[in-house]
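Asker: Quick one: the structure is below, and I'll ask about it shortly.
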Amino acid sequence: MTARPPGLAANFAARMKRSDRTGIPPDAILCRRRIGIRSRGGFPMMHRGVEYTVTPSAPGVWQWQFRIGDAVLSGKTKTNIRLLAIRRVQLRIDRELKKAAPKGGDRT
């Protein structure tokens, strides 16, 4: 019988703890690798079920990226404040989700 490497069990336990805290299934936590978002030193964040990254690219310039469906959207925003850059990306995600929502009056 082959023994598992000790890091594998610890990695799984860490994913399960994150899953319990966020309410996100452990498989979804690893989706950054599946969808191809490269964080370039940043770490992925979630907003309304959409994973996104915001990373500094130059002084006062932040680069962002997220994916909705098959479309990967990316861009830059100019601000010296990290939280403002994050908020701008969240607003952009909200706009894109609203555009992608089916049109119709049925809200049940």
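Where a number appears in this text, it was derived from the coordinates with a stated rule and is not lab data. It should be emphasised that the depicted structure is a prediction, and the values quoted were computed from it without experimental measurement. Cβ placement follows ideal geometry from the backbone for every residue including glycine, while neighbour counts extend to all protein chains displayed.
Asker: For the stretch 57-66: of the residues being in a strand (DSSP E or B) and touching a strand residue (DSSP E or B) at 6+ places or on another chain (Cβ under 7 Å), which is nearest to residue 98 (Cα to Cα)?
Answerer: By that ranking, first place goes to 66.
Asker: Please go through the stretch 67-83 and pick out each residue that is surrounded by 12 or more Cβ atoms within 10 Å (Cβ to Cβ) and under 23 Å from residue 99 (Cβ atoms).
Answerer: 67, 68, 72, 73, 74, 75, 77
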